[in-house]
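Asker: The structure that follows is given in the form of structure tokens.
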Amino acid sequence: MKNNKIRIGVVGLGYLGSFHLQKYRVLKNVSLTAVVDSSAKQLERFTDDDFLRCKNFKAILDDVDAVSIVTPTTTHFKIAKFFLENRKHVLLEKPMTETTAQANILNKLAKKNKVILQVGHLEQFNPAIIKLKKELSNPQFIEVHRLCKFNPRANDVDVVLDLMIHDIDIVLSLIDKDIKKISVSGKKVITNLIDIANVRIEFEDNVVANLTASRISMKNERKMRIFLKNEYYSVDFINNELKKLIKNKNNSFKTTNHQFKKSDSLNEEIKNFIKACYGRERPMTSGECGLK
């Protein structure tokens, strides 16, 4: 540590990595000590800063206590493994790894070396989801639509690992039952990977989640609907809104609408990571969540 502050490195200075860097810059309990990117052009953006700038992630090992890894998915395992082996805390952007075997290895390393491994599932920090998880019990059916306009920036993985992974993570955090069956369909439309997909997850006790994700939509929509006995919830992720409808004893319905202020989920995620590194909180989205 530097002056009792956790020394942070950001590996990957692309679109999302730049936002990680911005958040760390202003946090009082961290010291941003190093950045890494394979592109010299990206590093040149920070020539006036006093932190270490490197093209090789291994070069910053002695200058950091923790890192954010914000690189293409294909590189996640190699980079995260290096830092975990060397007892550094890791915030790893989603999707965690390309395979469950790789995710298992990273989790075992984090446990062995007693360091934090957190995975970047931003939607868990959405205030509507935080409120929902406090109120919800025993959901019976979940319907999810996550539709996005085409963006050529994030097409190194298919739409399930790109978009639907957020909703899979939330569904698994809401339904504490074993999975019985998964049915999947998807199509390549614009890229060489699946661009639109539908997944039906059947759990024990006839609980079902039906998820649709598309990155070739005409509009952006991120909504989740949860049904249970005499209750219905609707979450609008884009507008930070939670609607609740409950059937009363006289067969009338009570509707409640929670409209939350626009939140900075990335900032909340990073603050959770730092507090976890200090041992003050548990990661909201651990390596085990990423593996699931």
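Rule-based calculations on the coordinates, nothing more; no lab input. None of these values were measured; they are calculated from a predicted model. Every residue, glycine as well, gets a Cβ built from its backbone with ideal geometry; the counts of neighbours run over all protein chains shown.
Asker: Short version: ³J(HN,Hα) in whole Hz for each residue of the stretch 91-102, in order, from phi by Karplus 6.51 cos²θ - 1.76 cosθ + 1.60 (θ = phi - 60°), x for Gly and Pro, what are they?
Answerer: Karplus values, whole Hz, x for Gly and Pro: 9, 10, 4, 7, x, 4, 8, 7, 9, 5, 4, 5.
Asker: Between S185 and E241, what FRET efficiency follows from the Cβ-Cβ distance if R0 is 41 Å, with the result rounded to 0.05? Can you show the working numbers first?
Answerer: Working: r = 30 Å, r/R0 = 0.72.
For S185 and E241, the calculated efficiency is 0.90.
Asker: Where does the charge balance sit around H145 when Lys and Arg score +1, Asp and Glu -1, over other residues with C-beta under 10 Å from its C-beta?
Answerer: +1
Asker: Applying 1/(1 + (r/R0)^6) with R0 = 41 Å to the Cβ-Cβ distance of T75 and N250, what FRET efficiency is obtained, to the nearest 0.05?
Answerer: 0.10
Asker: Next up: Grab the beta carbon distance between Y278 and A59, set R0 = 35 Å, and tell me the FRET efficiency rounded to 0.05.
Answerer: 0.85
Asker: If you count the DSSP beta bridges with both ends in the chain, what percent of them are antiparallel, to the nearest 5?
Answerer: The answer is about 60 percent antiparallel.
Asker: Give, in nm to one decimal, the length gained when the segment between R25 and R45 is fully stretched (0.36 nm per residue of separation minus the Cα-Cα distance).
Answerer: Additional length available on full extension: 5.7 nm.
Asker: Further, regarding this structure: By average Cβ neighbour count within 10 Å, what is the ranking of 5-11, 200-206, 105-111 from highest down?
Answerer: For the peptides 5-11, 200-206, 105-111, the packing ranking is 5-11, 105-111, 200-206.
Asker: Determine the sum of side-chain charges near D178: Lys and Arg each +1, Asp and Glu each -1, restricted to other residues whose C-beta is under 13 angstrom from that of D178. Please report the intermediate quantities before stating the final value.
Answerer: Working: positive: K177, K180, K181, K292; negative: D176, E202, E204, D205.
It works out to a net charge of 0.
Asker: Let's see if you can work this out: charge +1 on each Lys and Arg Cβ, -1 on each Asp and Glu Cβ, no other charges. What is the dipole magnitude of the chain about its Cα centre, in debye to the nearest 20?
Answerer: In total the dipole reaches around 540 debye.
Asker: Would you mind computing, in nm to one decimal, how far apart the modelled labels at K262 and K133 are, each placed 7 Å from Cα along Cα→Cβ?
Answerer: The answer from the label model is 2.4 nm.
Asker: Ordered by residue, what ³J(HN,Hα) values in Hz, to whole numbers, does the stretch 187-199 give under the Karplus form 6.51 cos²θ - 1.76 cosθ + 1.60, where θ = phi - 60° and Gly and Pro are x?
Answerer: 9, 8, 10, 10, 9, 8, 10, 4, 9, 9, 8, 10, 10
Asker: State, in angstrom, two size descriptors of the stretch 142-292 derived from its alpha carbons: Rg to one decimal place and Dmax to the nearest whole number.
Answerer: 17.4, 54
Asker: In whole Å, what is the distance between the alpha-carbon centres of the stretch 219-240 and the stretch 121-152?
Answerer: 7
Asker: Sorted by packing (mean other beta-carbon atoms within 10 Å per residue), highest first, where do 274-283, 94-103 land?
Answerer: Answer by packing, highest mean first, reads 94-103, 274-283.
Asker: Given axes a ≥ b ≥ c from the Cα gyration tensor, I'd like to know whether the stretch 24-100 is rounded (a/c under 1.5), prolate (a/b larger than b/c) or oblate. Present the calculation step by step, with values, prior to reporting the outcome.
Answerer: Numbers: a/c = 1.78, a/b = 1.39, b/c = 1.28.
Prolate, because a/c is 1.5 or more and a/b exceeds b/c.
Asker: Give me a comma-separated list of calculated 3J(HN,Hα) values for the stretch 236-245, in order, Karplus coefficients 6.51, -1.76, 1.60 applied at θ = phi - 60°, integers in Hz, x for any Gly or Pro.
Answerer: 10, 5, 5, 9, 6, 10, 10, 10, 9, 10
Asker: Counting Lys and Arg as +1 and Asp and Glu as -1, what is the net charge of the other residues whose Cβ lies under 11 Å from the Cβ of N230?
Answerer: Residues near N230 contribute +3 overall.
Asker: Which one, P139, S286, V10, is farthest towards the positive end of the dipole of the chain when Lys and Arg carry +1 and Asp and Glu -1 on their Cβ?
Answerer: P139
Asker: May I ask you to derive the relative contact order of the chain, considering only C-alpha pairs under 8 Å and at least 6 residues apart, and to give it as an integer percent? Present the calculation step by step, with values, prior to reporting the outcome.
Answerer: Working: 587 pairs, mean separation 48.8, N = 292.
Once normalised by length, the contact order is 17 percent.
Asker: Can you list residues whose amide H is under 5 Å from G120's amide H, if they're 5+ apart or on another chain and H is modeled 1.01 Å from N?
Answerer: Here L92, E93, K94 satisfy the definition.
Asker: Now, a different point. Relative contact order of the stretch 72-112, please, whole-number percent, based on alpha carbon pairs below 8 angstrom and at least 6 residues apart.
Answerer: 49
Asker: What does the extension gain come out to for N155 and E288, with contour length at 0.36 nm per residue minus their alpha carbon separation? Kindly include the intermediate steps, with their values, before the conclusion.
Answerer: Details: separation 133, 0.36 × 133 = 47.88 nm, distance 2.49 nm.
The span from N155 to E288 would gain 45.4 nm if fully extended.
Asker: For the chain, what is the mean residue ellipticity at 222 nm derived from helices alone (per DSSP H run of n ≥ 4: -39500 (n - 2.57); sum divided by total residues; nearest 500 deg cm²/dmol)?
Answerer: Taking each H run of at least 4 residues, the total per residue is -8000 deg cm²/dmol.
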